[in-house]
1. Return one number: the angle in degrees, 0 to 90 and rounded to the nearest 10, between the long axis of the Cα atoms of helix 353-364 and the longest principal axis of the Cα atoms of the chain.
2. Taking the mean number of other Cβ atoms within 10 Å as a proxy for protection, how do you rank 79-91, 272-284, 341-353 from highest to lowest?
3. Between Y163 and residues 5 or more places away or on another chain, which pairs have amide H atoms under 5 Å apart, with H built 1.01 Å from N, and which residues are they?
4. Quick one: 3J(HN,Hα) in Hz for the stretch 278-295, Karplus 6.51/-1.76/1.60 with θ = phi - 60°, rounded, Gly and Pro as x.
5. Quick check: Cα centre of the stretch 106-158 to Cα centre of the stretch 381-414, how many Å?
6. Residues with amide H under 5 Å of G449's amide H, sequence separation 5 or more or different chain, H placed in the peptide plane at 1.01 Å from N; which?
7. At 7 Å along the Cα-to-beta-carbon direction for both R365 and A206, put a label point, then send me their distance in nm to one decimal.
8. Please give the length that would be gained between D316 and D267 if that part of the chain were fully extended, namely 0.36 nm times their separation in residues minus their C-alpha to C-alpha distance (nm, one decimal).
Amino acid sequence: MSCCGPTRRTFLSAIGLAALANLADPGSIRAQPNPLFATDLEVVTVTDRSVILTWTTVTPDPSGRLLPVDTDAEVRLGPADSSLTTVYAEDEPTPFHYAEIDGLEPGRPYRFEAWSSGVRAVPALSLTTRAPGSPDSTGEFTTLIPPSGRPLRTVALANDVHYGEQVSGLVVDNLPPGFRQEPGLPPYPEVMLAAMLDDLRRPDRAADLLLIAGDLTAEAKPEESRSVRRHLDSWGAQGRDYLAVRGNHDRPHMGSRYQGCIPAPADHYDCWAEQFNPRQQLIEHELGGLRLLGLDTSELDGSGGSIERPQFDRLDELLREDPDRPTLIFGHHPVTIESGLTNTAGPGFVLNRPDSIELQTLYERAPGVFLQHSGHTHRNRRTRPDTTAAVEFLEVAAVKEYPGGYSLLRLYEGGYMINFYKTRTAAARRWSATTRGEYFGLLPDYTLGTFADRNHVVLRDFSGLS
C-alpha cells in the first residue's frame, strides 16, 4: 500500500491546467494522423559538471489513448550566451529517454533543447515542471558550484523499496486505481531495486556506502524479508556496503504466517529482525571519521513514528561523548512540523511531536549533526528544523515508483552536494513512466520535488574526515 496522494488543491489546479490545454488545442489528438508527442520533459539532476534529462515519446491509438512509441533522442545544449550544438544522440529507439551530458563547467548557465524524431520535448502539465523559472519550462539551468577542498566520500540515500508489493499507488480499499507490472516481467520492486544497485556500482556514481531508510518490504512477511536481504547481499555486505533501518511496513505483524519469527510484544512476530536488526535498536557505523547513525522510528502498529527510551538514551550518549563529530542520521519517518503539515497524510504520519522536539533538542547540543535522511512520504523535499539546530532534514523519493531513484551525498572538505538520480535501466525507466499515472496522474506534483530539493550544495567544515 502506498503512502501518499495528491492534495485537493493540487488536484483542482491540475484539472484547471488540463482544461486550459484542451481549450488551446481544439483539434484534439484524434483529428491528427498518428501524431508524435515528446512529453514529460524533466531536468532531473544537475551537478557541478553534468545534467540529466528524461522524457517520453507517445502516440495515440485509434481510440485516442496515448501509447509509448520508440524514437531516437537528441539533446542540443550550449552556454546560455552561445548557440546550441548537439551534445547527445541516442540511435537505439526507445519511448523512455534518459540523456546524461557530462563535461560541463561548474557555476555556468546553460540552455538546452531535447528532441525525438523532429519533435521537441516539452514538460507535462505538472505544476512542478511548468512552474515559472523551472529549468524544465525555461530550457535553462545553472550547474552547481561544488564545495571547496578534496572530494572525500559518496553516500547513497534511498528508501521505500516495498519488496513483495504487487500493486503500486493504492491508498485505501483499492483506491485510487493502482498499477501492476506487465505480465511476464519481473515484479517491479525487484526491477527498481536491481536498477538502483546497478547504478551505484558504476564509475559515474561510485557510492562508498548505501543507506536504506526503511520500508524494504511490503509487509515484512518471512519470504519478503529473506528475499530482499538476499538481493542486497548479492550486491554487498550488510554493515560494510549497506546499512538498513526499519520502516512502518517492516514492523512486527500478527497472524499465522508470521508465527515462526521472533516473538515481539502484544502477540506480534518480527520477521524483519531475523534478517536485519532488532526492533528499536540504533545502528552505529563509522566511515573515514564520518559517524552514521540509523534510527528505528517504526511503531508496533500503525504508520506513524516514535522512538522508544532505550534508543533515545543510546543516541544521547553517543552525541554527548563526541558532539562535534560530523554525523549523518537516517530513519524512516520525517521529523519536522513542516513535513507533518505538507505531506498528504498529515501530522500523524511523521515522527510524533514529543519525540521530534526531543530529537531536535539533542541536535542543538551536537553541532556535528548536519543531515537527517528520511523516507516514508515518497517525495523529494527539504524541510526546516523547528529549533535552532543547523541540520538539513531531507526526504528522498521512493525507489519503487516514479520518480524511482535515490540521492547521492558527495562529501568534500568544505561541505556536501546532494543530487537525486532516477534509475536508468530500460525496465526501470518503463516502470517509472508507467507510475507517473498514479493518483490520477498527479503523483509528479507531489513526489518529484523542486529543482532545489533535488540538487543543492551546503557548506560545512569536513576537513577532519578522510
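1. 80 degrees
2. Values: 79-91: 12.1, 272-284: 19.8, 341-353: 18.2.
Result, highest mean first: 272-284, 341-353, 79-91.
3. Residues meeting the criterion, in which the H sits 1.01 Å from N, are T217, A218.
4. x, 4, 6, 10, 6, 8, 10, 8, 10, 9, x, x, 7, 8, 10, 10, x, 9
5. Here the two parts' Cα centres lie 17 Å apart.
6. N380
7. A separation of 4.0 nm, rounded to one decimal place.
8. Numbers: separation 49, 0.36 × 49 = 17.64 nm, distance 3.05 nm.
Contour length minus the Cα-Cα distance gives 14.6 nm.
Bear in mind these aren't lab numbers, they're just calculated from the coordinates by the rules spelled out. Nothing here was measured: the structure is a model prediction, and the numbers come from that model. Every residue, glycine as well, gets a Cβ built from its backbone with ideal geometry; the counts of neighbours run over all protein chains shown.
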